[in-house]
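**Student:** Take this structure first; my questions come after.
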Amino acid sequence: MPDVSLSRLAFAGAPVALACLTGPDRRIAAANPALGALLGLAAGDLVGRTIAEIEHPHGPATDPDLSGDGCWRRADGSPVRVRLRAGAEQDGVRIVAVEAIAEAATARAEQTRLALASAGLGEWSWSPADGRVVLSDRAAAILGQPAGATPAWAALQQAVGRDDLERVRATVQDAVAKAIPYAVEMRFRRAGDGQEAWISARGQATWAPDGTLTGMIGVLQDITAREASRRALHDREQRLRVATTVAALGIFEWHVLDDQSLWENERMWEIFGRRPQDGTISMREFFRSVVHPEDKAGFRAAVAAALHSDGVLHATARIRRPTDGPAKDPAAEVWRTIEMAGRFERDGPAGLPQRLIGVVADITDRRLAEERQSLLIRELHHRVKNTLATVQAIVGSTARTASSIDSFYEAFVGRIMSLAHTHSVLTEDVWQTASLRGLLENELRPYADGEMGPGTGGRIDLDGPAVDLPSEVAVPIGMAIHELTTNAAKYGALSNRAGQVRIRWSVEPGDDRPRLRFHWRESGGPAGAPPTRQGFGSRLLQRVLTTQVQAEVAIDYAPGGLTLTMLAPLPARNAALNPLATL
């Protein structure tokens, strides 16, 4: 009895809060005054209560082994953080020492909780004993749960997006196996309003000294707004990338201070004729070996103007671009014209420029097309003036030589149709040229009695290589062929059934350009004689060919048939008039 009395006195007078617990539900059989003072109750009021009844609903659950930290509820409902140390069980009774965690630590924990809440983070903990998740008020609000809710993890899984659940499980299992923290993002359907939100969850497993998993703790954050912004940014980037791809624009960044460039898409490599393994080009290298020497000053001036104004750069220059030829071979390089637009970013309103963000376009084809268009317009003006002058000459000369309205009409229409045909051939041809054989066949086909090739025995015998006549000589030569054909049909070899026309031509070298040798010979027609007066056809053959074509023309009105020989220089074809020219 003295021993029992002494034990009771020691239990009651101990400065440390003590409790005697019995049964599987850890019910309080006795509590000393120090424990009552800690919880704001009389010691006798605690007798008969279970540990679960005095735990605070928003705190972590007390460890089943009655060790570690917990959170209990005072009489006024406020929480008190406690640390438990349990003695060995004797006769179904365990004495547990309860120590209040220092107020400073509690204050720090509260400050941490407030800091987490202000950052939009909510705390959570999971216990494998009952499979429930304890949520702070902020965490509960994030998940759409009521304050103080402790939902089962199995129930929360039902709200996780179907495509995300397996990924989340795999990440958590891997982290638990490796004893490392984890972080996952998932779609989650809130319990309150059914709205889908994006949740970021971070957590870490907790372990007992013997390595047993005792639970998990972590934080939650609602990242719906951030995810929406990220997706919107991604969509804008995709639209920008599609637009720049369709427009064939290269995207780049140039960091001014360290003179380093970053090329954002494949088009930049294509424009400069480089491969990723070659690396990008610094601005120093750009000016030293890429920009055309004649364009360096203008490009530098554009950069300086952008730096001293609103930072917007717009510049054009020719750049040296390697082709697929041998390395360092000048013949394996081409000059391309680029257009660059961008804006300098500064480290402050009046600070130094940090980087240039911009786009580059290869405008070589556009420039060439503009030059070709300008040249074609000048060519058109020149051709229209010549055509109008030719039509005027046709009208005047035909009127002077015609004996009647019908003869005027017949001669005038024939000459205009020949002129129109030649222009049609020139317009349809890519190079703005006309085939000499084509012009001859068009005029002589009505008089041919079969094939017009050499040795066929037909009335028309054409023999010569393929010759394309540039526009400036095609029109007068075409008119000359028409006049020769018309004259042969009226007075020469084509005016009866027995006559023949034999035409030969060749191209021979000249002093500065090749020359066309053209020979027209008639036979089998009425006996020829020189004309008694000079009509338009004669003037055309004698003057127009000499003036416009700079040809040497010789005509022989022999009794056996007319013979014409022409030696004409061929102008060089203008490559700019060819829209199919390769660059």
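**Student:** Go through region 187-197 residue by residue and tally those that are outside any loop (DSSP other than H, G, I, E, B) and farther than 15 Å from ARG162 by Cβ.
**Tutor:** Number of matching residues: 1.
**Student:** Say whether the condition of being in the same structural domain as GLY457 (by TED's automatic domain parsing), assigned to a loop (DSSP other than H, G, I, E, B), in contact (Cβ under 8 Å) with a residue 12 or more places away in the chain and under 14 Å from ALA551 (Cα atoms) is met by at least one residue in region 481-504.
**Tutor:** Step one: list which residues in region 481-504 are in the same structural domain as GLY457 (by TED's automatic domain parsing), which gives 481-504.
Imposing the further condition that a residue be assigned to a loop (DSSP other than H, G, I, E, B) reduces the set to 491-492, 496-499.
Retained after the next criterion (residues that are in contact (Cβ under 8 Å) with a residue 12 or more places away in the chain): 491-492, 496, 498-499.
If we keep only those that are under 14 Å from ALA551 (Cα atoms) as well, we get none.
Among the residues of region 481-504, not one is in the same structural domain as GLY457 (by TED's automatic domain parsing), assigned to a loop (DSSP other than H, G, I, E, B), in contact (Cβ under 8 Å) with a residue 12 or more places away in the chain and under 14 Å from ALA551 (Cα atoms), which makes the answer no.
**Student:** I would also like to ask the following. Please work out if GLY194 is on the phi > 0 side of the Ramachandran plot and either small (Gly, Ala, Ser) or modelled with pLDDT under 90 (or both).
**Tutor:** Criteria met by GLY194.
**Student:** Starting from region 184-196, take each residue that is closer than 17 Å to ALA155 by Cβ and list its partners that are of a type in the set (Val, Ile, Thr) and in a loop (DSSP other than H, G, I, E, B), counting only C-beta distances under 8 angstrom and pairs at least six apart or across chains.
**Tutor:** Final answer for the pair search is none.
**Student:** With free of Cβ contacts under 8 Å to residues at least 60 places away in the same chain, touching a Phe, Trp or Tyr at 6+ places or on another chain (Cβ under 7 Å) and among the aliphatic types (A, V, I, L, M) as the only criterion, which of ILE223, ILE180 stands out? Reasoning before the result, please.
**Tutor:** Values: ILE180 fails: touching a Phe, Trp or Tyr at 6+ places or on another chain (Cβ under 7 Å).
Checking each option against the conditions leaves just ILE223.
**Student:** Identify, by number, the condition in (1) part of a strand (DSSP E or B); (2) at pLDDT below 90 that GLU370 doesn't meet.
**Tutor:** (1)
**Student:** Sort through GLY48, GLY87 and tell me the only one that's exposed (fewer than 14 other Cβ atoms within 10 Å of the Cβ), modelled with pLDDT under 85, farther than 30 Å from LEU143 by Cα and in contact with a strand residue (DSSP E or B) (Cβ under 9 Å, 6 or more places away or on another chain).
**Tutor:** GLY87
**Student:** Continuing with this model, one more query. Is one or more of the residues making up region 538-552 under 23 Å from SER495 (Cβ atoms), in a strand (DSSP E or B) and at pLDDT 90 or above?
**Tutor:** The answer is no; no qualifying residue exists.
**Student:** Now for a different question. From the set of residues in region 269-301 that are more than 18 Å from the chain's Cα centre (by Cα) and of a type in the set (Lys, Arg), which is surrounded by the fewest Cβ atoms within 10 Å (Cβ to Cβ)?
**Tutor:** Only one residue tops the list, namely ARG284.
**Student:** Then there's this: Only one of GLY492, GLY450 is in contact with a Leu (Cβ under 8 Å, 6 or more places away or on another chain), among the small types (Gly, Ala, Ser) and at pLDDT below 90; which?
**Tutor:** Result of the check over GLY492, GLY450: GLY492.
**Student:** Let me ask something else. Just to check your reading of the model, which residue among ALA129, ALA159, ALA170, ALA155 is buried (at least 17 other Cβ atoms within 10 Å of the Cβ) and either modelled with pLDDT of 85 or more or closer than 26 Å to ALA52 by Cβ (or both)?
**Tutor:** The conditions single out ALA159.
The values are calculated or read from the model by the stated rules, or taken from the named source; none is laboratory data. Please read these numbers as outputs of a predicted model, since none were measured by experiment. Using ideal geometry, Cβ is built from the backbone for each residue, glycine included, and neighbour counts are taken over all protein chains shown.
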